[in-house]
Every structure is written in structure tokens, then in C-alpha cells.
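Worksheet: the structure to be examined is printed underneath.
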């Protein structure tokens, strides 16, 4: 298994450490990953809403936007399946990698989302996404949600495309699910 470093050892996931003790290491066919955030946003008129999968890289030694082969494979499968069931990204908005200098987001001034640098205000606006207008209705004025939406609306919305998983990972997943391309069938 790969070696792991922790910025804050008090937040180690004991269940993950346990699994690493009782299972073979990564090169022998085991990957143990955690997903940092599943953000689902909804309203009373749209109780299903939509969701984004988010990986946070804090002070990472990797270049912005890179998550590593194990996470690429693990979350690439989830992304592939979600896109197959929701190809227009109506419910599933995608997988996003957020790089920050610290895990204390309140004190972050820069957020790098899928290699796009955002100010804190732009990041807050991006988090609100499509649902901002659902909260900026006159009948909601005065409510906390209205206030927060209004504050977010003061910032520019920067469009960020979902994370693009490496081609070699997507190709392997497609082959495994029977979507083999001619080059995959020919061994290229």
C-alpha cells in the first residue's frame, strides 16, 4: 500500500487504517479511498436536487487538479456510472478537485477548482451553482437562506467543467463495462 502523510494526525480515519491492516496492499488489488464531500443541493420545489462529488487536496504535493492513479480509478468508476445514468448532468453535476493551502476554508483566500483559481467569493458563488435563483425569491427575503444567497450573488460565477479523468483510466473502465473501442480490442 502507498504510504500516507497526514496534515493533522487527529483526523486519521481509524476505519481506513483498520482496513489497511487486514487487506493486501494496493499493488495486490486493494484500494481504500475516502470521498471528502458529497454536496447535494435541493429546494422544496425540487426535493431531489443535484449533487457534486468533491475531493479536497490540502497543501498537496501533487500539481493542482491531480488526485493520483488510485483515486482516478476508484472515482472514475463512480463518475462513469453516474454519467451513464445521467448523461446531461442534470442530477449529477460531476466530480471536482479543490486544492487549498489549508483545510480551514474560512481562512482560505484562494480555491483552485479543477485547475481554475477562484477567490473566496467566486468559490462561494460556484458552490451555490444553479440553485442561487431559487433562494433569491421575494417570499424568502429576510430568511437566512436568502441572506446567504444574496451574499453569494454579489460574486462572479465562474463556469468550471467537471474533472476529466485520464483517458487510460476511462478506456479501462469502458472496456470493463463492455464499451470496448476498436483500439482496445486490438491491444493498442
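Read-outs throughout are calculated quantities, based only on the coordinates presented, and are distinct from any laboratory measurement. This one's a predicted model, so the numbers in the text were calculated from it and none came from an experiment. Neighbour counts are summed over all protein chains in view; Cβ atoms, including those assigned to glycine, are modelled from backbone coordinates with ideal geometry.
Details
- Calculated FRET efficiency for the pair residue 13/residue 153, C-beta based, R₀ 30 Å, to 0.05: 0.25
- Compared with the dominant Cα axis of the chain, that is its longest principal axis, helix 167-176 is turned about 70°.
- Each residue, residue 172 and residue 84, gets one label point 7 Å from its Cα in the Cβ direction; the gap between the two is 1.7 nm.
- Working value for the chain: equivalent-ellipsoid semi-axes of 33, 23, 16 Å, each the square root of 5 times a Cα gyration tensor eigenvalue, largest first.
- Taking a ≥ b ≥ c as the square roots of the eigenvalues of the Cα gyration tensor, the range 88-174 is oblate, since a/c reaches 1.5 or more and a/b is not larger than b/c.
- 0 to 90° range, to nearest 10: angle between helix 69-85 axis and the chain longest Cα axis: 60 degrees
- A straight chain from residue 43 to residue 139 at 0.36 nm per residue would run longer than the Cα-Cα distance by 33.2 nm.
- The angle separating the long axis of helix 144-153 from the principal Cα axis of greatest extent in the chain is about 80 degrees.
- With contacts taken as Cα pairs under 8 Å and at least 6 residues apart, the chain reaches a relative contact order of 17 percent.
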